[in-house]
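A.B. asks: First the structure, then my questions, so here it is.
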Amino acid sequence: MASNLDRLIKAKIPGDETGISIRHSLCDICTPVHHCGVDAYVKDGRVLKVEGTPDNPYNQGFLCTKGLCNRQYMYREDRLRTPLKRVGARGEGRFEPLGWDQAYAEIARGLGAVKEKYGPHAVAFFSGYAKWYRPIFQRFAFAFGSVNYGTDDSVCNNSGVMGLKCTVGRVAKPDLKNSRVFLGWAFGGYYSAHMAVRGLRGFKDRGGKVIIIDPKITPAVKHFADLHLMIKTGTDGALALGMARLIIDQGWVDRDYIRNHTCGYEDFTGLVRDFDLETTAGITGVPQELIYEATRLFATIKPGCINDSSSTVAHHANGFQNYRAIACLLALTGNFDVAGGNLPVLDTYIYRPAGFSMRAAHFAGELRPDYRHIGAGRFPIWDELVPEFQAVDLARHILEEKPYPVKALFTLGMNVKMFAGTDRMIEALKSLDFFVNTDLFETDTNKYADLVLPVCSSLERVDFKVYPGGYAFLTKAAVEPLYESKRDVDILFDLVKVLGIKDELLEKGYEACMDYMLEGSGLTMAELKKHDKPVKAPAFKPYVPGDYTREGYATPSGKFEFSSRLIAKYRQSHGLDPLPAYRSPFADEPDEEGRRKKYPLVLTTGTRLPNAIHSRLHGVPWARSLRPEPTADVNRHDAAARGVAEGDDIEIVTDYGRLKVKAHLTSKVGSGNVHFFHGYSEANANLLIGPHRVDPYSGFPAYKSNLCDFMKS
Amino acid sequence: MKYVIVFDPDRCSACSACAVACMDQNDIDIQAGERGYRRAFEWESQVGGQALCAYISASCLHCGDAPCIMACPTGCLRRSLTTGLVIYDNSGCIGCRSCSLACPFGAPRFRADGKMVKCDGCHVRLENGLKPACVRACAFDALICLTGGEYQKMLEEKAESSLVKALGVWGPRG
Amino acid sequence: MKKYAIVGFGCAGYRAAEAIRAGDGRAEIHVFSETGEAPANPMLTTYYVRGAIGREGLFPFGPLEEIIENLGLIHRAEAVRRLDPAGRRLELDSGPVGPFDSILLATGAESLAPPVAGLDHPRVIQMRGSADADRLKAIMGDAPPESVLVVGASMTGIKIAELMHAAGLKCTLADLAGWIFPLAALEPVGRRIMGRLTEMGLTMGFGLALEHITPHGKTLTARFRGGREIEADLLALCLGARGRTALAREAGLAVGRGITVDRAMRSSAPGIYAAGDCCEAPEIQSGRPAVIGLWANAGLQGRVAGENMAAGGAGEAAPACCRPGVLQNLSHFFNMDFIGLGDVRRATGETLVFENDDYYLAAAGEGGRLNCLNLLGPPYGGGILKSRMVRAFSGLRDNPSEQLALLAQYGLPGDFLAWLDQA
């Protein structure tokens, strides 16, 4: 029999007796919109187990499937242990370890050579999915002298943000707590936003009505939906315009709001004329009665709010306008900036609104050189609204060297598999003079880098974070950085010295930079260090619904613009439509009808799985065991028509490429759809999507809609 | 104190947070061929031409009259006096599979060394005032841990999970 | 104060004592056991010989002294010679005891031995109790034989064959039946198992009836009907076991293959109960009494008997009842798991074979309703399928579809699940 102490240790019971302590940290496996508080069980400098922090103001003790993988994520076998220098050919994956000082010296030499020969803008700085260091990285790039700073925001949630900015000047989030009807446009929740599900459960328990618009049957549909509109992929704009016409025709419009706070209404009513119920049902595949009932519920129960889904709705060649069309429903029904409607928010720090201001954007952007950045002019709305380069143009720019050469890349956690047409990005990487990447793990991208630097996970570092409700949190490392890895920001501060970058703040280091950004919040680093859990910022001020409307919207007209004045500037030059006009998600394809015949199905990549986020967890055995092989979800009837059975090997074919994966047969995916998750090294979804398939407004790739077919392999 | 781990399929999404929490708690080595004691999964069936989907999280149900305890020829399995859960000491396990054939849920698994392993309800955590790892991880309250009294009260208000009810393993014994 | 007697102290006897004590804290519980040992599990003997468990492991409920102490028993290591059902008395060599309020017969089973010459040779072994195990362990210890003939492919037979094969002995497995596990295995599965055993180097001798055994120096010659002879250094006779019913039969109780009892474990005589391997209780598939010699059954039956005895027994309106069992065979041997569920003789309807990388299944039944199932492969799923069959035999048809989901999780063939889903 084991002793009682052995039992306690085996069960990982914290306490003096077992020597197991709990350290409060956060999870940054997924987006900063979450970054849930983590309790790490630590013994002898090693994490034994994780749980959510019970009194964290955001996640209230709960982690999702991915967050629960933190221990195996940080101890992944392929963690990089030392800086590495490439010794084989690019792509071969042969490296030798080297010391940090040597690595820094190589970086100084490599970046210096390109800067000297081609100028500072020939060095591009880019960040992959990680976000926690971004203001510092952006300032670093600009201080280096290059205008070329870009991030995965080029393909993440910015399209939606830009859509709302063009329309009403700010992003607006549903105020579910005070709402009575929720239009869950592309609301999935369970596999991407566990806390939102808790919110919706409360809403439902209070008697709220839930409408879900989703091409799939999801747990949210099963558990919450009073109405489910199983829409055809990428036709959201048509549905929104059809609903808009119904609202107008039925007299459900909030006339006061339209009169006082909007412009372009007349043009908009003209636009929606084409979307009678029959036409709308025809395009979207949603039965007329269901469209009517959903519209009636949403427009007549006040207040109501709409889910803000940054990627699902926006990642189509027509996504930006679809997003705007949906936003117009808020104005029509008077649900913008009212309690229980959608409330405007401003980011406090790194994509997270917390109800107080920080100087992060100013800190990040104040040194930006005035120069033509990568992709400038190709996507003018992007240029107007985002102080970064649109990275979908990066490969083209490097390969064509137009309008000027970019010869070096300094990237933090770059993932080539993020880029539609990954093969082209790889070609671009191979052509560079110098390429440095950082990561936690061995990755496909690293193989093309001259130098790879090891960084650490969130549990191994000090990190600053804000949470809604006015909270700020300076974490402490639960354990020391593993092996020789460092915090990304520490690498940047080291390089400031090595590269001789002249910037007073960056030269002073992390705390000085953070204190600069914190000014006005009522918090300082010295104060934050005293706490090991989130604290309330003195400057926190709860938002009062209507404030933004009273002060006037941040649009050229100061009003909600059904017809965007910003977009109107590019009507002639770029053929952009200031109204949220609908066009088919495949209208950009030459010979759409012919293509549809050849490829009768629609491929949607990136549909969330509970056990994956991009490529980050594919190498974590616990996560991977839940879906061991790259598997496409296909409709049973489509599979039967192709003689495909459960677990069969199939080949997905698009106009751009083909990919061998496993088939999972389901009725949850509508007939005509194929869903496949991305980020697998052995089955990279972005080899099926051409780099040309982008939304002309945002530059975003059409990840969610590509014509395809599949067959037994 | 007696405890019951209750599963509510109407709140489950088979997200497997429970399963991963179980793996983290029990140091499950996937690469060595092990699998977690709790698993979550989706199930679709066609009833009358209509697709029905279920989301399920399953592990040992710690049956009131646990057939595995009776079936174990070496006496490895027993009911915990402190928590009422079905626990085990597999040092005497001969890997005979009797418990596996007795279990209507297929909960007992056999490790590479032939020894039986299964969910022990995190009874040591319960003894120390902590919830079972899977319950602690479920953000949707699909898994909850109740005391015997709370469970009886719940039964008066709400029907039991169809799976448990259909198999009738939750008796008033013990 | 009530007085109870338990005759025989194996699994059933122990569980009965436990239940009586739980129901009646003050009762006098008299236990009579020939062996004077703690309750032992005969199934464990081969594991003990192999060294998988120590000798104490043969006694899963712990040492006898502890049991006596914990349950407050009056234990006598003495054989019972006669049962007087009307007087509820027992007769020992040392004299009569009783009367008792009720008596439980839990006399267990004994090895079947055919009436053939040569069984008393020291190199002919039978396996039932711990003494047999000790003997075999001694034989394997000092001068290990080179070959073994196992007569009877029973549970014990195959475990002995496995043990001997692992020890490097040339091994022949002989049985009267046409294929292995004739009561549990459908023919294709039985033959498949035999094929696998042959591949591993064992010799199969099925359809052979033993006539006699003759020693020649250090070897034994077994002669079978028809003239076939097999030589081996060691002969293990494993024809299975038969309930020990002599006491009951002589006392005039109804006895079939075992002492006949109802679901409350009551025999034909008031106040006399029987439980475990010595009794035959209703079997659910046929509805007729059958001996289902399983450790778990013995435990459940003993417990039910004990509960009813403590509750006053015979006159109770609603006695505790055993859920009727189903015939089963569970054999974990030679890195194989064979599970047989249901009665092969009742394998009506179509017999279908399903197969994938992990599993080989043969199912007999109609429209997804199983009446006999064989499973070769990982053991996972056996319990689920068994519970499904028991439910079906009980007339319950609303099988939860989640069960199929669980089976799918264990990787059972999809076409088998689709077949089951018809029910």
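A.B. asks: Taking a virtual spin label 7 Å from the Cα of residue A:711 along the C-beta vector, which residues in the range A:650-670 bring their backbone nitrogen under 12 Å of it?
C.D. replies: A:651-654
A.B. asks: Sorted from fewest to most neighbouring beta carbons within 10 Å, what does the list A:713, A:311, A:179 look like? It would help to have the intermediate numbers written out before the result.
C.D. replies: Values: A:713 15, A:311 19, A:179 25.
Starting with the residue having the fewest Cβ neighbours, the order is A:713, A:311, A:179.
A.B. asks: Given Cα pairs under 8 Å that are at least 6 residues apart, what percent is the relative contact order of chain C?
C.D. replies: 15
A.B. asks: Continuing with the same structure: When B:89, A:152, A:205 are ordered from fewest to most other Cβ atoms inside 10 Å of their Cβ, what list results? Provide the component values of the computation, followed by the final result.
C.D. replies: Details: B:89 13, A:152 21, A:205 8.
Ranked by crowding around the Cβ, least crowded first: A:205, B:89, A:152.
A.B. asks: Please report the equivalent ellipsoid semi-axes of chain C, computed as sqrt(5 x eigenvalue) of the Cα gyration tensor, largest first, in whole Å.
C.D. replies: Three semi-axes, in Å: 36, 31, 18.
A.B. asks: Please identify the trypsin sites (Lys or Arg not before Pro) of the range C:176-222 that satisfy two criteria: DSSP loop assignment and at most 13 other Cβ atoms within 10 Å. Which are they?
C.D. replies: Here the trypsin sites (Lys or Arg not before Pro) that fit, given the DSSP loop and packing criteria, are C:218.
A.B. asks: Roughly how far apart, in whole Å, are the Cα centres of the range C:116-153 and the range A:315-360?
C.D. replies: The range C:116-153 and the range A:315-360 have Cα centres separated by 83 Å.
A.B. asks: Right, here's the next one. How much net charge surrounds residue C:27 when only other residues with a Cβ under 10 Å from its Cβ are counted (Lys, Arg +1; Asp, Glu -1)?
C.D. replies: Numbers: positive: C:2, C:3, C:21, C:26; negative: C:24, C:28, C:101.
Around residue C:27, the surrounding residues sum to +1.
A.B. asks: Using r as the Cβ-Cβ distance of residue A:89 and residue C:219, and R0 as 60 Å, what FRET efficiency do you calculate, to the nearest 0.05?
C.D. replies: With a Förster radius of 60 Å, E is 0.25.
A.B. asks: Measure off 7 Å from each Cα along the Cα-to-Cβ vector at residue A:204 and residue A:178, then give the distance between these two points in nanometres to one decimal.
C.D. replies: 2.5
A.B. asks: Sticking with this one: Step through the table entries A:12/A:49; B:2/B:131; A:598/A:668, compare each Cα-Cα distance with 18 Å, and write down the pairs that go over it.
C.D. replies: With Cα atoms farther than 18 Å apart: A:598/A:668.
A.B. asks: Right, something else. Want the number for residue A:637 to residue A:508: 0.36 nm per residue separation, take away the alpha-carbon distance, what's left?
C.D. replies: Contour length minus the Cα-Cα distance gives 40.1 nm.
A.B. asks: Here's another thing I want to ask about it. Run through the range A:252-345 and list the trypsin sites (Lys or Arg not before Pro) located in a DSSP loop whose Cβ has at most 13 other Cβ atoms within 10 Å. Can you show the working numbers first?
C.D. replies: Details: sites: A:255, A:259, A:273, A:296, A:324; in loops: A:273.
Sparse-neighbourhood loop trypsin sites (Lys or Arg not before Pro): A:273.
A.B. asks: Ok, one more. Hey, what does the equivalent ellipsoid look like for the range A:597-713, semi-axes from the Cα gyration tensor as sqrt of 5 times each eigenvalue, largest first, whole Å?
C.D. replies: On the way: eigenvalues 83, 78, 28 Å².
Over the Cα atoms of the range A:597-713, the semi-axes work out to 20, 20, 12 Å.
A.B. asks: Continuing with the same structure: What are the semi-axes of the equivalent ellipsoid of the range C:328-420, taken as the square roots of 5 times the eigenvalues of the Cα gyration tensor, listed largest first and rounded to whole Å? Write out the running numbers ahead of the final one.
C.D. replies: Details: eigenvalues 69, 48, 32 Å².
In descending order, the three semi-axes are 19, 16, 13 Å.
A.B. asks: Have a look at the DSSP beta bridges in the protein assembly as shown and tell me what percent are antiparallel, nearest 5. Kindly include the intermediate steps, with their values, before the conclusion.
C.D. replies: Numbers: 115 of 192 bridges.
Percent antiparallel among DSSP bridges in the protein assembly as shown is about 60.
A.B. asks: Cα centroids of the range A:161-238 and the range C:361-423: how far apart, whole angstrom?
C.D. replies: Centre-to-centre (Cα) distance: 40 Å.
A.B. asks: Let me ask you something else. Say R0 is 25 Å: what FRET efficiency, to the nearest 0.05, do residue C:396 and residue B:46 get from their beta-carbon distance?
C.D. replies: Efficiency computed from Cβ-Cβ geometry: 0.70.
A.B. asks: Run through the DSSP bridge list for chain C and note the antiparallel percent, rounded to the nearest 5. Display every interim value, and only then the final one.
C.D. replies: On the way: 48 of 84 bridges.
Bridges in chain C that DSSP calls antiparallel: roughly 55 percent.
A.B. asks: Three principal axis extents, largest first, for the C-alpha atoms of the protein assembly as shown, in Å?
C.D. replies: Between the extreme Cα coordinates on each principal axis of the protein assembly as shown lie 113, 70, 63 Å.
A.B. asks: Fewest first, what order do A:514, C:1 take by the number of other Cβ atoms within 10 Å?
C.D. replies: If I rank by nearby Cβ atoms, fewest first, I get C:1, A:514.
A.B. asks: Across peptide A:48-54, what mean number of C-beta atoms from other chains lies inside 10 Å of a residue's C-beta?
C.D. replies: Across A:48-54, the average partner-chain Cβ count within 10 Å equals 4.
A.B. asks: Going through the range C:382-423, which trypsin sites (Lys or Arg not before Pro) have at most 14 other Cβ atoms within 10 Å and a DSSP loop state?
C.D. replies: C:397
A.B. asks: Between residue C:229 and residue C:170, what is the label-to-label distance in nm when each label sits 7 Å out along the Cα-to-Cβ direction?
C.D. replies: 1.5
FYI, it's all coordinate maths here, none of it is from the lab. What you see is a predicted model; the values in this text were computed from it and never measured. With ideal geometry, Cβ positions are generated from the backbone for all residues, glycine too; neighbour counts draw on all protein chains shown.
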